[in-house]
Structures are given as structure tokens and as C-alpha cells.
1. If you average the sequence gap of Cα pairs under 8 Å that are 6 or more apart and divide by the length of chain A, what percent do you get for the contact order?
2. Between rounded, prolate and oblate, where does the protein assembly as shown land on the alpha carbon gyration tensor, with a ≥ b ≥ c its root eigenvalues, rounded for a/c under 1.5, else prolate if a/b exceeds b/c?
3. Measure off 7 Å from each Cα along the Cα-to-Cβ vector at residue A:5 and residue A:111, then give the distance between these two points in nanometres to one decimal.
4. Would you mind calculating the relative contact order of region B:1-92 from Cα pairs under 8 angstrom and at least 6 residues apart, reporting the percent as a whole number?
5. Given the convex hull over the Cα atoms of region B:5-112, what projected area results after averaging over all orientations, in nm²?
6. Gaussian network model of chain A, Cα springs within a sub-10 Å range: biggest mean-square fluctuation belongs to which of A:87, A:54, A:65?
7. Compute the normalised compactness of region A:18-116: alpha-carbon radius of gyration over 2.2 N^0.38 Å, N being the residue count.
């Protein structure tokens with residue numbers, strides 16, 4: 001069984017300030033973890049992924065996330081928010097080494113608002 | 001290169017009618033997935049294809065839902081006797097194989113009136 005919990009449904013930051021979107025996961029297997037972003041009326045875009053290599057993962061648009069097994073967390077961060085970062089962000093888990101389909105399990109999403 | 005495409009982008013149908021949603025995956029991607037995004041349920045997995053076979057149909061909500069994939073490429077998701085609770089955005093994704101990155105299409109917004 002696998003699940004993800006996104007701790008905040010909505011986060012508001014000022015442009016130029018740091019972003020922190022929190023995610024905790026649960027998985028019976030060694031997980032793959034992802035962050036996807038969805039802009040209004042657009043498809044889902046992969047920001048970054050963790051697949052048991054380096055625990056600090058860098059993604060597109062200046063985002064990064066750190067896999068912390070002891071805390072079962074995979075929080076998404078960015079040093080300085082930009083107006084174009086306003087979107088819905090999804091933390092996603094997928095099992096690896098199960099021999100079955102890698103269906104993705106999505107968190108409920110965090111809506112990021114960026115203000116001037 | 002071309003990404004995952006889905007058609008139609010929007011579909012409005014009357015309750016009780018059947019609908020077909022189409023997905024064209026990225027060329028060469030052997031794995032194809034269907035997901036549903038709705039207000040009450042978030043993003044849910046529906047079905048997974050590896051080639052033309054569907055080893056995991058565990059997410060299909062009822063026997064009114066079915067999907068097929070032909071030629072290892074295009075997939076069709078069919079919903080029979082649509083109900084209002086079927087209203088959602090249906091997303092398709094494809095990947096090179098099991099466990100690799102999934103690329104999503106723009107979705108089909110289904111509204112059942």
C-alpha cells in the first residue's frame with residue numbers, strides 16, 4: 001500500500017520569498033517520489049523525481065526536494081518564488097521493485113499563490 | 001517532439017449516453033495509463049496498459065468503464081450509461097516502460113448533464 005499526504009491545501013507567499021510545500025509519504029516498498037505541477041487549464045508537468053539515487057533532487061524552474069527516509073518526507077522548496085510559479089502542485093508516490101504496474105498515487109494537491 | 005494528445009478536449013453528454021475518450025501516447029511509449037481528476041476525489045488511477053494488455057484495471061470504478069488499446073498505441077476509454085458522478089477530467093499518460101517517467105496529456109473534460 002502507498003499513500004501521500006500533502007500537509008497544506010493552500011500556500012501563499014510573496015514574490016521573491018522562499019517556497020516550502022510539504023509532503024509525507026507511506027509505502028510498503030522502496031518508493032519513487034515525484035512532484036508534478038499543474039497550471040490552470042494545462043496538463044500535468046513533472047518538476048522532479050526521486051528514484052533511490054541522490055536524496056537531494058533538483059528539478060526544473062529552480063525547484064528542489066529532499067528525500068528524508070527517517071521522516072518519510074519529500075518536501076518541495078524553491079529559494080525565491082516567481083509569479084509564474086502560481087499553480088497546483090502534486091506530490092506523487094509510485095512503488096518500485098514490486099513487479100507490478102507503476103501506477104501513481106497522487107496527493108490531494110497544494111495550491112500555491114504568489115503575491116506581489 | 002509531439003507529446004501525449006487526447007480528444008476531445010471537452011465533452012458534454014446527457015446522462016445515460018455512452019462516451020468514448022481517445023488517447024494518443026508518445027510514439028514508442030509502451031506503457032499507457034488513464035487517470036481521473038475530479039473535485040471530490042482528486043487524481044485517481046484507473047487503468048494501466050503494457051502494450052495492448054491491461055495488467056492492472058484495479059482503478060476502474062464500475063463495469064460501465066472499459067478501455068482498450070490497439071497496435072500498442074492509441075487507447076480508448078469508454079464509459080457506458082454515463083452518470084453525473086462521471087463528470088471529471090480524464091487524463092492519459094504514457095511512459096517508455098513500467099517504472100519510468102509518465103508524461104501526461106492535457107486531458108478531456110467530461111460533463112454529464
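Read-outs: derived from the displayed coordinates by stated rules, not from any lab. Bear in mind the structure is a predicted one, so any value in this text is a computation, not a measurement. Note that we place each Cβ from the backbone using ideal geometry, even for glycine, and neighbour counts take in every protein chain shown.
1. Reported relative contact order: 37 percent.
2. Note, shape of the protein assembly as shown comes out prolate.
3. 2.3 nm
4. Rounded, it is 33 percent for region B:1-92.
5. Value for region B:5-112: 6.0 nm².
6. Among A:87, A:54, A:65, the largest mean-square fluctuation in the Gaussian network model of chain A belongs to A:54.
7. 1.06
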